Every structure is written in C-alpha cells, then in structure tokens.
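First comes the structure, then the notes that go with it.
The values are calculated or read from the model by the stated rules, or taken from the named source; none is laboratory data. The structure presented is a predicted model; accordingly, all values stated were derived computationally and were not measured. Here the Cβ positions follow ideal geometry from the backbone for every residue, glycine too, while neighbour counts run over all protein chains shown.
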Amino acid sequence: MKSDRDLFFISLFTFLTVLSWIFFELIKTTKTSTIAPTINQIITPLTPTLDTDTLNMLGEKIKL
C-alpha cells in the first residue's frame, strides 16, 4: 500500500513539473521575438501613393 502511495506522489509531482515547464516555456516564447529589428524595418509596408504630377510631366516629355 505504501509503495502505491509513493508512486502516486512521484507521478503527481512529475506531471505538475512537466506541466509548469511547458507553461513557462510558452510564456517565454510569446515574450521574445525572433525577428531582428533591421528585418522588421525592412518589411514595413510601402505607402501606396503616387506622385501624379511627376507622372504627368513624364508623359508630356514622352509626347515631345
């Protein structure tokens, strides 16, 4: 009977340890970023506005 109780407690503590280990690893991975700041700056979206005045001037030069 005593060995069953000991086995139960060992299993319980092992399960709690593994569960807390997984929990804290998930917290750590969500807090840290794997994207370097330079790459993050490079992948920022471009502004979709065009300078229509410059395009019109280019069109006039082509016509001449």
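Residues of region 39-55 that are polar (S, T, N, Q) and loosely packed, with under 10 Cβ neighbours inside 10 Å: GLN41, THR44, THR47, THR49, THR52, THR54. Pairing residues of region 49-61 that are modelled with pLDDT of 85 or more with residues that are surrounded by 10 or more Cβ atoms within 10 Å (Cβ to Cβ) and in a helix (DSSP H, G or I), at Cβ distances under 9 Å and at least 6 apart in sequence or on separate chains, gives no pairs at all.
The residue that is modelled with the highest pLDDT, among those in region 7-38 that are of a type in the set (D, E, K, R) and exposed (fewer than 10 other Cβ atoms within 10 Å of the Cβ), is LYS28.
For the residues THR49, THR44, the requirement of being more than 22 Å from the chain's Cα centre (by Cα), among the hydroxyl-bearing types (Ser, Thr, Tyr) and in a loop (DSSP other than H, G, I, E, B) singles out THR49.
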